[in-house]
Amino acid sequence: MPWARAGVGAVATQAMANYNYGPHGLELMARGKTADETVEGLTFADEDREHRQVGAVDARGQAATFTGSECFEWAGGVTGEYYAAQGNILVGGETVEAMARTYTETQGDLATRLLSALDAGQAAGGDSRGKQSAALLVVQKGGGYGGDNDRAVDLRVDDHPDPIKELMRIRDLHTLYFGETRPEDVVVVDGAVRREVADALRRSGYVQGQDIEDDDLFDALSAYIRTENFEEREQRRGYLDRAVLEYMKGQS
């Protein structure tokens, strides 16, 4: 189970999980404790610590992991700058080693690196019981929907035959709906683009007829964008995000 707070750090607890580790761990790091000090503080006061597993990364990139001696084999973890990878009832240590290596070597944003690490861990053996669930949590100050919260990415797959691949699929959808528009991906609704937009809006019932005035087209496009939940990618009148255009073209 993951917890994270922008500018503070992240905590994950497994095995016979103590859910208090999450909020308490974040509070310790918010008060200036390092990841090592946080994990030590959480486990020292816990009589059942030998059944627990916990990892923490603080805002400075320091990481710590703890695996109790009573966790079911294979159980353990590894750490490095800005990551802690741990697991229990795994096929073997190669799972966490593959996660750590892939996280370090992968380029891209944090969500991409975390997903790649999860996928690599599964490919290296994963959980000896099979596959069921996966989750992805990324926080960033003001990075959530509307800019008034910190949950940049908060996705879960609780029960699926291939949960990591499913998590990747819904993360792609999340990026489509909520990703930032790069300046080079803003297109003018004119010429061929205008024809493609008009065709898409006709297919979806937002406009009718062949000769559509610009005002009517742009009004319909704005209604489409807000109805289809693309408001985070809406551009000024007469312009369109290329990702939205490609989505519109792909809809029958």
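Listing for the model above:
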quantity	calculated
Residue count, region 72-129 (criterion: surrounded by fewer than 20 Cβ atoms within 10 Å (Cβ to Cβ) and of a type in the set (Val, Ile, Thr))	6
Out of Arg171, Arg156, sole residue that is modelled with pLDDT of 95 or more and either closer than 18 Å to Val91 by Cβ or surrounded by 17 or more Cβ atoms within 10 Å (Cβ to Cβ) (or both)	Arg171
Residues of region 162-186 classified as in contact with a Phe, Trp or Tyr (Cβ under 7 Å, 6 or more places away or on another chain) and among the hydrophobic types (A, V, I, L, M, F, W, C), total	3
Search result, residues across region 18-51 that are buried (at least 22 other Cβ atoms within 10 Å of the Cβ) and not small (Gly, Ala, Ser)	Tyr21, Leu28, Met29, Thr38, Val39, Leu42
Whichever residue in region 202-240 is touching a residue at least 40 places away in the same chain (Cβ under 8 Å) and at negative phi and, among such residues, is surrounded by the most Cβ atoms within 10 Å (Cβ to Cβ)	Leu240
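The values are calculated or read from the model by the stated rules, or taken from the named source; none is laboratory data. Here the structure is a predicted model, which is why all the values come from computation and not from measurement. Please note: Cβ atoms are built from the backbone with ideal geometry, for glycine as well, and neighbour counts cover all protein chains shown.
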